[in-house]
1. Per q in 0.10, 0.14, 0.21 1/Å, what log10 I(q)/I(0) does a Debye calculation on the alpha-carbon atoms of region 37-118 return?
2. Starting from the Cα-Cα distance between A229 and E30, subtract it from 0.36 nm times their residue separation and give me the gain in nm to one decimal.
3. From the C-alpha gyration tensor of region 169-255, pull out the three semi-axes of the equivalent ellipsoid (sqrt of 5λ each), sorted largest to smallest, in whole Å.
4. After finding the eigenvalues of the alpha carbon gyration tensor for the chain, what semi-axes result from the square roots of 5 times each, listed largest first in whole Å?
5. Just to be sure I understand the model, the point goes 7 Å from the Cα along the line to the Cβ. What's the resulting F89 to R255 distance in nm?
6. With the Cα gyration tensor of region 1-147 in hand, convert its eigenvalues to equivalent ellipsoid semi-axes via √(5λ) and list them largest first in whole Å.
7. Which value at 222 nm does the chain reach when only helices count, each DSSP H run of 4 or more adding -39,500 (n - 2.57), with the total divided by all residues and rounded to the nearest 500 deg cm²/dmol?
8. If amide H atoms are built 1.01 Å from N in the plane of the peptide, which residues on other chains or at least 5 residues away come under 5 Å of the amide H of G222?
Amino acid sequence: MLLIMMLFILGVVTFPTRRIVGWFYKGENEFVFLLADGAERLLFSALMIRFALQFGFRIIPRKTRIIAVLSVLPAFVIAVNNFPFVAYFSGDCAVNESAENILIFALWCLGVGTFEEISFRGVILPLVFIKINKIKDDGKRWVFLKKKPVFWTLALSSAIFALTHLVNIFNGNIGGTFFQVGYTFLIGAMCGIITVKTGNVLLSALAHVVYNFCGMLVDNCGTGVMWTAPQMIFTAAVGVILGGYLIAVAFLSDRDPAPATYMLGEDDEPVLPEEAA
């Protein structure tokens, strides 16, 4: 099932939206293509929600604990911090597109972020969790995974998410693609932590959308240099401090029964991960 879902996701990611739109639209306005791509991703997001519900996985729990939401707020700070505040306020870059085009770009970010989170945190992550918990304790291999199933689920599902971006290697930018694989692993882990702590995939989707919007707004709707030396130092400092906190949260996540509650759709009676499996 993991393989089938991955093939489907790859099919959506490589869907030739731009080419199809190009059959009818002969202009060069990039925002037309972004609008079409964003709408396509939202459409497939609805289908992925359908798959998740058929598997018995919840996208939104009946109850979301406030303490759980507060525990992952640093992830949202990282997402917002992806905007180049230092470079922007120092005048090194600017956002100068029309409000209409910025809105279209926001819609594209919404479609991409929502589809990826529903797919990878709403379907792939719980499938990996179930697979890890079903590994037989034969005393020979992979037994260590069962000692911290939620932590290893976060690691493995984030690796799958990152490796999916290798499809971008066909665009010709090999170095950029491998760099993207590296940071998407970290973003996938961050969104996975939000999911397993809150049980709410839409919260991880919100963080993903904000991260993409803040990080790519200048590239798509502005001009100037984003990554000046002060900007890189500031971004790295915030990332290291808050990222260290999130790593600790991930490592301790197996102490909380909420992940199994979310993954198996059992909201009324929380169960421990090993019991749920």
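1. -0.41, -0.75, -1.11
2. Values: separation 199, 0.36 × 199 = 71.64 nm, distance 2.98 nm.
Length difference between fully extended and current span is 68.7 nm.
3. In descending order, the three semi-axes are 26, 16, 15 Å.
4. Values: eigenvalues 215, 102, 61 Å².
Semi-axes from the Cα gyration tensor: 33, 23, 17 Å.
5. Going by the 7 Å Cα→Cβ label model, 3.6 nm.
6. Details: eigenvalues 248, 113, 44 Å².
Taking √(5λ) for each eigenvalue gives 35, 24, 15 Å, largest first.
7. Working: 14 runs with 190 residues, N = 277.
That calculation yields -22000 deg cm²/dmol at 222 nm.
8. N96
Any read-out appearing in this document is the output of simple, stated calculations on the displayed coordinates, not a laboratory observation. Computed from a predicted structure; not experimentally measured. Positions of Cβ are generated from backbone atoms using ideal geometry, with glycine treated the same way; all protein chains shown enter the neighbour counts.
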